[in-house]
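Here is the structure we will look at, set down as structure tokens.
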Amino acid sequence: MHKYIKYIWVSLLIGLLILIRWFENDLFYDPYLTFFKNDYLYIDSPRREVAKLVAFTTLRYILNTIISLAILFVFFKDKNIVKFSGIIYGIAFILLIAIYLYFVVNPCQEDYYLFFNIRRFLIQPIILILLLPAFYYYKLKN
């Protein structure tokens, strides 16, 4: 793939991640969006529908994962990296959603900061930000 086409694809895929973030209020049910924008350390957890919240959080994670795996493929052109990343995303989802569910079902003000950060890993492409430099360094060493 030509270098410029690669940059265009990566730019388009990053644009999709930006659009997911830009339209998050319209696309996803998440009462915690406004909760964490306010002074959340001093207010009670918002009312929520747990099944709906988990379903939309999962949908957002899946969308971010698919786009992130596509970015990794375009960037590195290595199916093994994409497969390994898919496994990392799968394991991370299982661990993070379990912790997320605990915090949703058992809200406690002392745990809001930890809950906020666990939630960020589920709704934002933070794992991609960790994997890109890791695989880049791996490719440099090989």
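The values are calculated or read from the model by the stated rules, or taken from the named source; none is laboratory data. Only a predicted model underlies this, so the values are computations on that prediction, with no experimental measurement involved. Accessible surface is based on the protein model in full, side chains and every heavy atom, while ligands, DNA and RNA are left aside. Shrake-Rupley method; radii C 1.70, N 1.55, O 1.52, S 1.80 Å.
General remarks:
- Ranking by accessible area, most exposed first, for L132, L72, L59 with a 1.4 Å probe: L59, L132, L72
- Solvent-accessible surface (1.4 Å probe) assigned to E24 amounts to roughly 10 Å².
- Calculated mean residue ellipticity at 222 nm for the chain: -26000 deg cm²/dmol, from DSSP H runs with n ≥ 4 weighted as -39500 (n - 2.57), summed, divided by the residue count and rounded to 500.
- Solvent exposure of the chain, expressed per residue, is 63 Å² of accessible area, with all protein chains present and a 1.4 angstrom probe.
- With 18 Å as the limit on Cα-Cα distance, the pairs of K83/K139; K6/K77; K52/K83 that go past it are K52/K83.
- Relative contact order [Cα under 8 Å, 6+ residues apart], the stretch 40-142, whole percent: 40
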